[in-house]
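To start, the structure itself, in structure tokens.
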């Protein structure tokens, strides 16, 4: 692509149908913490040649769109049909002055960066470039409930998106055929006997239309994840008080733990473990102990922030193992309730959280009763 070329992407997400049994259109259904639309945007956001990403949405779902989109994109409202929505989107793109445009279905969330780049490259020499797959199955023609013919599949392909076009050409065609109902944008080129270049798409670039498609998408993402391990450690010394807070539970004792926040040594260690698994630094980076905002703060704030970051990244907890090291107070009777409270805060099953308590056999600062330390290990699928 020449340095003078500007490539815009238009993702069509104005459909209102809810064929997947949801109250929301499929593009706003979430998979691993992100909407299908947001997943679809991601690959395009990584391509340097793309100058604009524009989303065509239904005005009815504007609030949901704005609350779910993390990437910097522009948007406008679509019409009653896909073709009308595309035409309106193309008109809106005029202000961005693109030379080329890629038109994409929001429900195709596994489009690869390689395929996008190849389409952009082909647009240097062609006015229309579309991805397609060869048909492997035998194709039959039917009439009513009966098969009447077998069609030669040698010259048949199934078409995908993104479809790439010279912007001015596709804009003129949409204006010319305004009000018509073509099933895809390359059909307008065919109507004018204009050449359309096709290249091989990918099996992964499927469109989510049915419940089966949705399950396939979830399974694909699940298989692509990796198990991340985080380890956390924290220690706090004692001072005069009336009890210690561990995993959000107040445990009666003649002392309390000294700290800038509530000094919940167990949840501090767990928060650090989660941030470590996410490669997001440590608790001091997010909640510095010289910031008075966090003076006396409830440590569930820290834990929930780590959980929020994890979910935004599409992660989920596999299991948590916390070890609290203390000579006093004795914690055996509190282990179960500490595990239950941790699971509740993170909205996971109690079977995914284990809390252990041990001593140092009177060795070191813990053994001398000067404070409590804690270790935490977390496994996150990300």
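Read-outs throughout are calculated quantities, based only on the coordinates presented, and are distinct from any laboratory measurement. Given the structure is predicted, the values throughout are model-derived calculations rather than measurements. Cβ coordinates were reconstructed from backbone atoms using ideal geometry, including for glycine residues, and neighbour counts include every protein chain displayed.
So here's what we get for this one:
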item: For the chain: relative contact order, % (alpha-carbon pairs under 8 angstrom, 6 or more apart); result: 15 percent
item: Principal-axis tilt of helix 113-122 within the chain, Cα atoms, nearest 10 degrees; result: 30 degrees
item: Residue 239 paired with residue 42, simple spin-label distance in nm, labels 7 Å along Cα-to-beta-carbon; result: 4.5 nm
item: Region 7-224: relative contact order in percent, alpha carbon pairs under 8 Å with at least 6 residues between; result: 23 percent
item: Nearest 10 degrees, 0 to 90: helix 36-45 Cα axis against the chain principal axis; result: 80 degrees
item: Where labels lie 7 Å past Cα in the beta-carbon direction, separation of residue 187 and residue 298 in nm; result: 5.6 nm
item: Residue with peak Gaussian network fluctuation, the chain [Cα springs, cutoff 10 Å], from 244, 101, 12; result: 244
item: Most fluctuating residue given options 275, 286, 93, as computed from a GNM of the chain linking Cα atoms under 10 Å; result: 286
item: Sum of -39500 (n - 2.57) over DSSP H runs of 4+, divided by residues of the chain (222 nm, nearest 500); result: -8500 deg cm²/dmol
item: Contour minus Cα-Cα distance for residue 194 and residue 229 (0.36 nm per residue); result: 7.1 nm
item: Gap separating the Cα centres of region 198-248 and region 114-185, nearest whole Å; result: 36 Å
item: FRET efficiency, residue 368 to residue 212 (Cβ-Cβ, R0 56 Å, nearest 0.05); result: 0.35
item: Net length gained if the chain between residue 175 and residue 285 were fully extended (0.36 nm per residue, minus Cα distance); result: 34.2 nm
item: Residues in region 40-65 reached by a label modelled at residue 220 [backbone nitrogen below 17 Å; 7 Å Cα→Cβ]; result: 40-45
item: Fluctuation leader among 202, 81, 183 - the chain, Gaussian network, Cα springs under 10 angstrom; result: 183
item: Cα long-axis angle, helix 335-346 against the chain (0 to 90 degrees, to the nearest 10); result: 30 degrees
item: Distance in nm between pseudo-label sites at residue 379 and residue 77 (7 Å out along the Cβ direction from Cα); result: 5.0 nm
item: Average Cα contact separation per residue, region 227-381, under 8 Å, 6 or more apart, as relative contact order %; result: 33 percent
item: FRET efficiency, 1/(1 + (r/R0)^6) with R0 22 Å, evaluated for residue 308 and residue 63 via beta carbons; result: 0.60
item: Residue 24-residue 51 FRET efficiency (beta carbon distance; Förster radius 41 Å; 0.05 resolution); result: 0.85
item: Overall Cα dimensions of region 1-91, principal axis frame, Å, largest first; result: 46, 31, 20
item: Volume per residue that the Cα convex hull of region 227-381 spans, once the total is divided by residue count, Å³; result: 101 Å³
item: Two-decimal log10 I(q)/I(0) for region 292-365, as the Debye equation yields it once each C-alpha is a single scatterer, q = 0.13 Å⁻¹; result: -0.51
item: DSSP beta bridge pairing in the chain, given as percent antiparallel to the nearest 5; result: 60 percent
item: Per-q log10 I(q)/I(0), region 73-122, q = 0.19, 0.23, 0.24 Å⁻¹ (Debye; single scatterer per alpha-carbon; no solvent); result: -0.80, -1.05, -1.09
item: Distance from region 296-347 to region 23-64 (C-alpha centre basis), Å; result: 33 Å
item: Intensity falloff of region 7-224 expressed as log10 I(q)/I(0), Debye formula with alpha-carbon point scatterers, at q = 0.08, 0.10, 0.12, 0.17 Å⁻¹; result: -0.28, -0.45, -0.65, -1.29
item: Average projection area in nm² (convex hull over Cα atoms of the chain, one quarter of hull surface); result: 25.5 nm²
